[in-house]
Amino acid sequence: MKRAQLIITLLLLALLLALGFAFRLPANYGALPWFGWLVLAACALGLGFGFVALDTAKRRKYIFAPASEAKPQVPRTSALLPIITDPNRPPYPHPVINQQTCIGCHACVEACPHDVLAMVNGLAVAIAIDQCVEDTSCQVECPTNPKSCIVINTSKTIPERQVPQRNRQFMTDVPGLYLIGDVSGVPLIKNAINEGGDVIQHIANELKHAENQDAADYDVAIIGIGPAGLSATARAKELGLSYVAIEQGQALAAIQQAYQAGKLVYFKPDEVEVTGGIPLPDAPAPKETMISMWLETLKSQQLRINEFESCKNIEPDGPSGNAFVITTVPDKTRLPTQYKVRRVILAIGNRGTPMRLRAPGEELKIEVTPTEPVLPAFCNKCGEKRTRQAKFCRECGTEYVGIVPPSFADDKVKYRLSDPNHYQGKHCLIVGAGNSAVETAVDLAAYRSADGSQITGWRDNTVTLVIRSDFRSDLKLGNKMMIYECIDEGRINACFGVTVKEITTTEVALMDARARDSLTAQEKARVKNDYVFALIGGDKPTGFLERLGIKIGQGS
């Protein structure tokens with residue numbers, strides 16, 4: 001209520017009270033006759049209306065003042081930063097994408113909690129600006145300089161990105177320790193491949209002219225074999241450097257799992273050429289085409305990769321500090337192994353190591369007996385490569401004959417869904433409450449449209465979603481709508497307030513999420529199960545990098 005309205009209300013209330021008393025009291029009540037009370041009431045009314053008139057005059061003067069005299073209101077912010085506005089767009093806060101500088105890295109899309117942004121033809125696009133809640137993390141995570149994603153009409157102070165520090169030769173604050181690829185803060189395949197080739201070229205030139213080099217087993221160690229690490233490995237062999245390539249899982253597994261089967265991958269920026277040690281398709285292509293090219297390079301160049309070997313520590317060694325001792329633990333032996341190297345390249349990615357359930361039975365293997373035949377990759381008659389989902393050779397017309405693969409041992413607990421089509425008629429249990437867990441549950445329970453925005457059909461899996469408390473607050477609106485649709489249709493059984501107590505070959509035992517000890521906690525339910533998907537987040541490599549002496553600071 002405005003001040004003038006409040007005064008008028010109080011005056012009317014006083015007038016009503018006065019009239020009420022006037023008919024009940026004698027004419028000479030108190031020290032004044034009846035006309036004295038009328039004079040006092042008139043003075044009060046005049047004074048009140050005077051305040052109202054004065055207040056109104058001040059506001060009229062401000063409204064009709066010339067534009068040059070009107071003082072703009074300064075928004076209350078923690079820092080007086082300029083506010084970016086656009087008169088041609090809605091006045092509320094929302095992101096704007098510069099299509100000319102966007103590199104299609106997905107960073108802003110993944111950072112947005114409410115599906116305001118989406119990838120269209122390899123570039124970020126604001127598709128639902130009315131859903132923006134002024135989160136601003138999309139602008140924070142944009143890696144380009146200047147920013148390709150800008151939140152306009154916001155009065156918030158937007159912080160800088162925190163990324164590992166390195167120089168133009170990709171060297172960190174630790175001399176001889178280099179950082180390339182996704183972990184450097186630019187999540188881009190083409191950029192990672194080129195950095196892998198460039199850093200090896202720089203190291204080769206440096207070692208050629210280096211003096212007082214300590215004795216070492218290898219010239220360079222490459223930690224992490226994704227696009228950047230594989231590119232560096234291929235270029236190291238090409239230049240004749242002795243190398244050891246270490247990967248905690250399977251080579252290229254992270255990049256394979258980052259995209260769904262058949263996902264069309266765009267290679268941005270278009271004007272940048274591939275100069276690293278591995279190739280890329282000339283145009284947007286399915287992820288399978290990209291991966292097959294890299295695997296062919298790995299095979300043809302006979303690159304040696306130490307798979308399923310985790311890097312635990314990197315320490316400087318030698319009096320001159322020109323060498324490092326790397327300590328690893330291979331999965332096969334579980335015994336510490338050390339390598340002495342002259343230079344170290346970290347290409348470990350930024351997604352981090354998946355967090356584990358820490359429940360009994362997490363390491364279980366199950367025997368899988370395939371029943372569906374797998375079609376060959378090439379025609380047995382003419383050798384022509386089979387196109388995706390083709391049943392007949394396009395060159396000679398020969399029908400592809402599938403072969404049922406032999407039985408194999410598979411991990412019961414998975415930490416990412418690579419292809420939902422691999423699971424048919426299975427009892428699947430997903431642990432997690434974020435976007436990855438919800439998307440995995442939906443993909444195992446239903447078929448989605450090409451853009452992933454709506455459900456088009458149902459699979460025959462039995463899906464259980466285990467949530468410790470409730471869905472995460474940053475769950476995207478589209479994911480929230482689809483998960484509730486699956487729950488309403490009875491396709492997903494959501495269990496809130498529970499967690500995994502024990503994993504067996506055929507079942508999963510659940511317990512109260514508040515229980516501190518899984519051994520003594522009371523079992524709440526037991527669910528029939530074939531596969532468990534643990535999607536409870538990952539330990540980002542920030543702590544590991546800081547322990548090595550790499551500074552994390554403001555980036556682009």
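Hey, can you tell me all the residues within segment 369-398 that are surrounded by 12 or more Cβ atoms within 10 Å (Cβ to Cβ) and not in a loop (DSSP other than H, G, I, E, B)?
Within segment 369-398, PHE378, LYS385, PHE392 meet the criteria.
How many residues, within segment 440-451, are open to solvent by 20 Å² or more (accessible area, probe 1.4 Å) and in contact with a Gly (Cβ under 8 Å, 6 or more places away or on another chain)? Lay out the reasoning, then the answer.
Taking segment 440-451 as the starting set, the residues that turn out to be open to solvent by 20 Å² or more (accessible area, probe 1.4 Å) are 447-451.
Okay, now just the ones that are also in contact with a Gly (Cβ under 8 Å, 6 or more places away or on another chain), so 447.
Of the residues in that region, 1 qualify.
How many residues does segment 175-187 contain that are open to solvent by less than 20 Å² (accessible area, probe 1.4 Å) and at pLDDT 80 or above?
Residues flagged as open to solvent by less than 20 Å² (accessible area, probe 1.4 Å) and at pLDDT 80 or above within segment 175-187 amount to 6.
Tell me which helices (runs of 4 or more DSSP H) are completely within segment 208-313 and hold 3 or more residues being open to solvent by 70 Å² or more (accessible area, probe 1.4 Å), or say none if there are none.
287-300
Could you go through segment 403-414 and let me know if any residue there is crowded, with 18+ Cβ neighbours inside 10 Å, modelled with pLDDT of 80 or more, among the small types (Gly, Ala, Ser) and assigned to a loop (DSSP other than H, G, I, E, B).
No - not one qualifying residue is present in segment 403-414.
Quick one: how many residues across segment 420-462 are closer than 13 Å to LEU535 by Cβ and of a type in the set (A, V, I, L, M)? Please lay out each step first, then the result.
Of the residues in segment 420-462, the ones closer than 13 Å to LEU535 by Cβ are 428-444.
The next check asks that each one be of a type in the set (A, V, I, L, M); those that pass are 429-431, 433, 437-438, 441-442, 444.
Residues in segment 420-462 being closer than 13 Å to LEU535 by Cβ and of a type in the set (A, V, I, L, M): 9 in total.
Take segment 415-430 and flag every residue that is buried (at least 22 other Cβ atoms within 10 Å of the Cβ) and either under 18 Å from the mean Cα position of the chain (by Cα) or not β-branched (Val, Ile, Thr) (or both). Steps first, please.
So the first thing to find is which residues in segment 415-430 are buried (at least 22 other Cβ atoms within 10 Å of the Cβ), and the list is 417, 428-430.
Selection gives LEU417, CYS428, LEU429.
Please go through segment 126-164 and pick out each residue that is closer than 20 Å to ILE552 by Cβ and open to solvent by 70 Å² or more (accessible area, probe 1.4 Å).
GLU141, ASN145, PRO159, GLU160, GLN162
Out of THR297, THR275, THR328, which single residue is modelled with pLDDT of 90 or more and more than 25 Å from ASP411 (Cα to Cα)?
THR297
Could you please find all residues in segment 491-517 being within 19 Å of ASP530 (Cβ to Cβ) and open to solvent by 60 Å² or more (accessible area, probe 1.4 Å)?
Passing the criteria: ARG491, ASN493, GLU502, THR505, THR506, GLU507.
Would you please name the residue that is modelled with the lowest pLDDT, looking only at residues in segment 111-125 that are touching a strand residue (DSSP E or B) at 6+ places or on another chain (Cβ under 9 Å) and surrounded by fewer than 20 Cβ atoms within 10 Å (Cβ to Cβ)?
Of everything passing the filter in segment 111-125, GLY122 is modelled with the lowest pLDDT.
Pick out the one residue from ALA494, ALA441 that is closer than 20 Å to LYS263 by Cα and either of a type in the set (Lys, Arg) or at pLDDT 95 or above (or both).
Answer to the selection: ALA441.
So for segment 485-492 (the condition being touching a Gly at 6+ places or on another chain (Cβ under 8 Å) and not aliphatic (A, V, I, L, M)), does at least one residue qualify?
no
For segment 196-207, enumerate the residues that are more than 19 Å from ILE326 (Cβ to Cβ) and open to solvent by less than 10 Å² (accessible area, probe 1.4 Å).
Within segment 196-207, GLY197 is the sole residue that qualifies.
May I ask you to list the residues in segment 314-339 that are open to solvent by less than 60 Å² (accessible area, probe 1.4 Å) and closer than 22 Å to HIS202 by Cβ?
Those that are open to solvent by less than 60 Å² (accessible area, probe 1.4 Å) and closer than 22 Å to HIS202 by Cβ: ILE314, ASP317, GLY318, SER320, GLY321, ASN322, ALA323, PHE324, ILE326, TYR339.
For a quick check of your reading of the model, give me the residue pairs whose first member lies in segment 233-254 and is within 14 Å of ALA221 (Cα to Cα), whose second is basic (Lys, Arg) and part of a loop (DSSP other than H, G, I, E, B), with beta-carbon atoms closer than 9 Å and at least 6 apart or on different chains.
Close Cβ pairs (under 9 Å, with a partner that is basic (Lys, Arg) and part of a loop (DSSP other than H, G, I, E, B)) amount to THR233/ARG304; LYS237/ARG304; TYR243/ARG304; VAL244/ARG304; ALA245/ARG304.
Residue check, ALA525 against (1) open to solvent by 20 Å² or more (accessible area, probe 1.4 Å); (2) not in a strand (DSSP E or B), all met but one. Which one?
Unmet for ALA525, out of (1) open to solvent by 20 Å² or more (accessible area, probe 1.4 Å); (2) not in a strand (DSSP E or B): (2).
Determine whether GLN169 is farther than 30 Å from PRO281 by Cα and either at pLDDT below 90 or over 18 Å from the mean Cα position of the chain (by Cα) (or both).
When the stated conditions are applied, GLN169 does not pass them.
Which condition number in (1) out of contact with any Asp or Glu (no Cβ under 7 Å at 6 or more places or on another chain); (2) surrounded by 13 or more Cβ atoms within 10 Å (Cβ to Cβ); (3) at pLDDT below 95 is the one that ILE455 fails?
(1)
Select from segment 392-444 the residues that are of a type in the set (Lys, Arg) and in contact (Cβ under 8 Å) with a residue 24 or more places away in the chain and write down the one among them that is nearest to VAL368 (Cα to Cα). Walk me through it before giving the result.
To start, the set of residues in segment 392-444 that are of a type in the set (Lys, Arg) comprises 394, 412, 414, 416, 426.
From what's left, in contact (Cβ under 8 Å) with a residue 24 or more places away in the chain: 412, 414, 416, 426.
Working: LYS412: 10, LYS414: 14, ARG416: 18, LYS426: 12 Å.
Filtering segment 392-444 for residues that are of a type in the set (Lys, Arg) and in contact (Cβ under 8 Å) with a residue 24 or more places away in the chain, the one nearest to VAL368 (Cα to Cα) comes out as LYS412.
The values are calculated or read from the model by the stated rules, or taken from the named source; none is laboratory data. Bear in mind the structure is a predicted one, so any value in this text is a computation, not a measurement. So basically every Cβ, Gly included, is an ideal-geometry build from the backbone, and we count neighbours across all protein chains shown. The accessibility values were calculated without ligands, DNA or RNA, using every heavy atom of the protein model including side chains. Shrake-Rupley method; radii C 1.70, N 1.55, O 1.52, S 1.80 Å.
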